[in-house]
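Asker: Pasting a structure here, questions to come.
The values are calculated or read from the model by the stated rules, or taken from the named source; none is laboratory data. Keep in mind that what you see is a predicted model, and the values were worked out from it rather than measured. Glycine also receives a Cβ, built like all others from the backbone with ideal geometry; neighbour counts cover every protein chain displayed. Ligands, DNA and RNA are stripped out before the accessible areas are found, and what is left, the full protein with its side chains, is counted by its heavy atoms. Shrake-Rupley method; radii C 1.70, N 1.55, O 1.52, S 1.80 Å.
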Amino acid sequence: HVENNPFGKWHQLLSDGLHRNYIAEDNIHKIVLESGRSLEDEYQLIRFLPNHRYDKALHAQYLCPQLEHLWPGCCCITFDSSIIMLIDMDVYVSKDKRNFYQELAYFLRENLLSASISRSFHDLNQIYAAYLQTEIAMEIGTKRNPMFWYYRFDDYSFYYLLQKMGGDFIPKQICCHGLLILKEHDKKTGSQYYLTLLTYCKMQYNATAAARALYIHRSTFLGRMERIKELTQIDFSNWEDLLYLLISFQLLEEK
């Protein structure tokens, strides 16, 4: 059956990868080279599901061959109630001059589907990791951008990292203590120290730009910053303190 099917070996390779079966490097090289491809080719994994905004079934038996016909360098199988497509982007680019992501968006709208896309990879033993990336992209993407048709892992990996950083803690239990001090001080006195520091970070530590964004005089801004440093004891020259501060801001602003 595999021998008579031009996609057969690729289907098996994709299935093995998704089921976390290790694939011998020699077998991978053989499949790749017999297909006329390079061992340096770049792949992406794409997961297709019915769009959450519509009540529509996934017609995998029809869609899998349609996808393989539409886009050079791809193969598709069904897995975990979804369609999984492995696409060799080097093959696609060499044979089709259309923008792949634009064509993907057209296809998704026409078929009322959503898709999530892994990070690019070369090692075909990374298929399962790529699949996990598509799950993460779909989960976070549909929450943050529910009107989008597709979600790329690289666009949401930062938010996934933030989720993992918090662990079992709520943001105020794990973020920079200095920011909590500023929030409490603002609450008691009506000051705007938290906003001042947040604006300073957003303006890339440019005092003039931050003062302008806050509609205050530069000398007023510098006075606030001196008081902020006294209250928080944050060392702005220390890279780790600064990184912790920025992550903490993001955690608090995302809550």
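Asker: Could you give the spread of the C-alpha atoms of the range 151-255 along their three principal axes, from largest to smallest, in whole angstroms?
Answerer: Sorted from largest, the Cα extents of the range 151-255 read 43, 28, 25 Å.
Asker: Right, here's the next one. With each pseudo-label sitting 7 Å past Cα toward Cβ, what's the Ala24-His217 distance in nm, one decimal?
Answerer: Once both label points are built, they end up 7.9 nm from each other.
Asker: Excluding residues on the same chain fewer than 8 positions from Lys143, give the lysines whose Cα lies under 17 Å from its Cα.
Answerer: Lys164, Lys255
Asker: For Asp186 and Lys95, compute 0.36 nm times the residue count separating them, minus their Cα-Cα distance, and round to one decimal in nm.
Answerer: 26.7 nm is the gain from fully extending Asp186 to Lys95.
Asker: Give a quick list of chymotrypsin sites (Phe, Trp or Tyr not before Pro) in the range 18-87 that DSSP marks as loop, anything other than H, G, I, E or B, with at most 16 other Cβ atoms within 10 Å.
Answerer: Listed in order of number, the matching sites are Tyr22, Tyr54.
Asker: If you don't mind, there's one more thing I want to ask. Nearest 10 degrees is fine. How inclined is helix 193-202 to the longest principal axis of the chain, computing both from alpha carbons?
Answerer: In the chain, helix 193-202 runs at an angle near 40 degrees to the longest axis.
Asker: Against the longest alpha carbon principal axis of the chain, how many degrees, from 0 to 90 and to the nearest 10, is the axis of helix 60-70 turned?
Answerer: For 60-70 against the chain, the angle is about 90 degrees.
Asker: How about the range 72-143: which trypsin sites (Lys or Arg not before Pro) there are in a DSSP loop, with at most 14 other Cβ atoms within 10 Å of their Cβ?
Answerer: Answer by residue number: Lys97, Arg98.
Asker: Right, something else. Express the relative contact order of the range 1-109 as a whole percentage, based on alpha carbon pairs under 8 Å and six or more residues apart in sequence.
Answerer: 24 percent
Asker: Using a Förster radius of 25 Å, what is the FRET efficiency between Met147 and Glu103 based on their Cβ-Cβ separation? Nearest 0.05, please.
Answerer: FRET efficiency, Met147 to Glu103: 0.80.
Asker: Right, something else. Select one label from (1) 28, 22, 18; (2) 25, 24, 19; (3) 49, 19, 17: the one whose number is semi-axes √(5λ) of the Cα gyration tensor in Å as derived from the coordinates shown.
Answerer: (3)
Asker: Here's a follow-up. For the range 55-205, how big is the tail of P(r) above 20 Å, as a whole percent of Cα pairs?
Answerer: The answer is 63 percent, as a whole percent.
Asker: Out of every Cα-Cα pair in the range 38-122, what percent are more than 18 Å apart?
Answerer: 39 percent
Asker: On a full-extension model of 0.36 nm per residue, what is the gain between Arg53 and Asp168, subtracting their alpha-carbon distance, rounded to one decimal in nm?
Answerer: Length difference between fully extended and current span is 38.3 nm.
Asker: Here's a follow-up. Mind checking the per residue accessible area of the chain for me, 1.4 Å probe, whole number of Å²?
Answerer: 57 Å²
Asker: Then there is this: Got a sec? Which residues in the range 10-44 would a label at His122 touch, if it sits 7 Å along Cα→Cβ and we count backbone N under 20 Å?
Answerer: 23-44
Asker: Ignoring any ligand, DNA or RNA, what whole percent of the accessible area of the range 116-161 comes from carbon and sulfur when the probe is 1.4 angstrom?
Answerer: 53 percent
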